[in-house]
Amino acid sequence: MTSTIKVLLAEDQSMVREALAALLGLEDDIEVVAQVARGDEVLAAVGAHGVDVALLDIEMPGCTGIEAAARVHREYPAVKLVVLTTFGRPGYLRSAMEAGADAFLVKDAPAAQLAAAVRKVLSGERVIDPTLAAAALAEGANPLTDREREVLRAAADGSTNAELAKALHLSQGTVRNYLSTAIQKLAVRNRAEAVRIAREKGWL
């Protein structure tokens, strides 16, 4: 008899989470042992429930699914990570893989495909949605450095250079330089456009 695969579901929309849990629950060899609605609850839930595979949505309060994946990968390297997205943003694929994800799928994939992905990652395979993979290859690498991404993320709420400098422990001149470089790299006119473009491509 095959042992049951213990799955954690992390998704902030309760209807989507419950639907995914119900669909996976129909599989004889898969049991959803934990459900969380926040990215910052994932690590504790993985540890508490002896999870084999974690299914993580990208957009969640607390922290993103990609950040949660990185934390789980660091603390529980044996746990397999499946990142789910509704966004066709190719940069997310690269970020997810760098965080240690074993699979990257669109959330509205058929339930059978999702269940198959859970089994495949547990057997050591990597599963990537082919459309997302093609888009990521066509898009190319993220041109922004980690520091430029950090400053852009912080600037997304409209903070002034002085506020950014204080929050990031940098000088205003350094903040201005990072923003200026990011704007040039993305070929846009201002920081708001830079944030929008970087988000659309999944580079933040």
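The values are calculated or read from the model by the stated rules, or taken from the named source; none is laboratory data. Keep in mind it's a predicted model, so treat the numbers as computed, not measured. With ideal geometry, Cβ positions are generated from the backbone for all residues, glycine too; neighbour counts draw on all protein chains shown.
So here's what we get for this one:
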quantity	calculated
Residue satisfying condition, being modelled with pLDDT under 90 and either in the same structural domain as Gly91 (by the TED database) or not basic (Lys, Arg) (or both), within set Thr131, Thr160	Thr131
Residue match in segment 55-63 (condition: acidic (Asp, Glu) and farther than 28 Å from Arg196 by Cβ)	no
Flag for Leu152 being surrounded by 16 or more Cβ atoms within 10 Å (Cβ to Cβ), within 19 Å of the chain's Cα centre (by Cα) and either part of a helix (DSSP H, G or I) or aromatic (Phe, Trp, Tyr) (or both)	yes
Filter result for Ile197 (under 28 Å from Leu55 (Cα atoms), in contact with a strand residue (DSSP E or B) (Cβ under 6 Å, 6 or more places away or on another chain) and surrounded by 14 or more Cβ atoms within 10 Å (Cβ to Cβ))	no
Residues of segment 1-53 satisfying the condition of being surrounded by 16 or more Cβ atoms within 10 Å (Cβ to Cβ) and among the polar types (S, T, N, Q)	Gln35
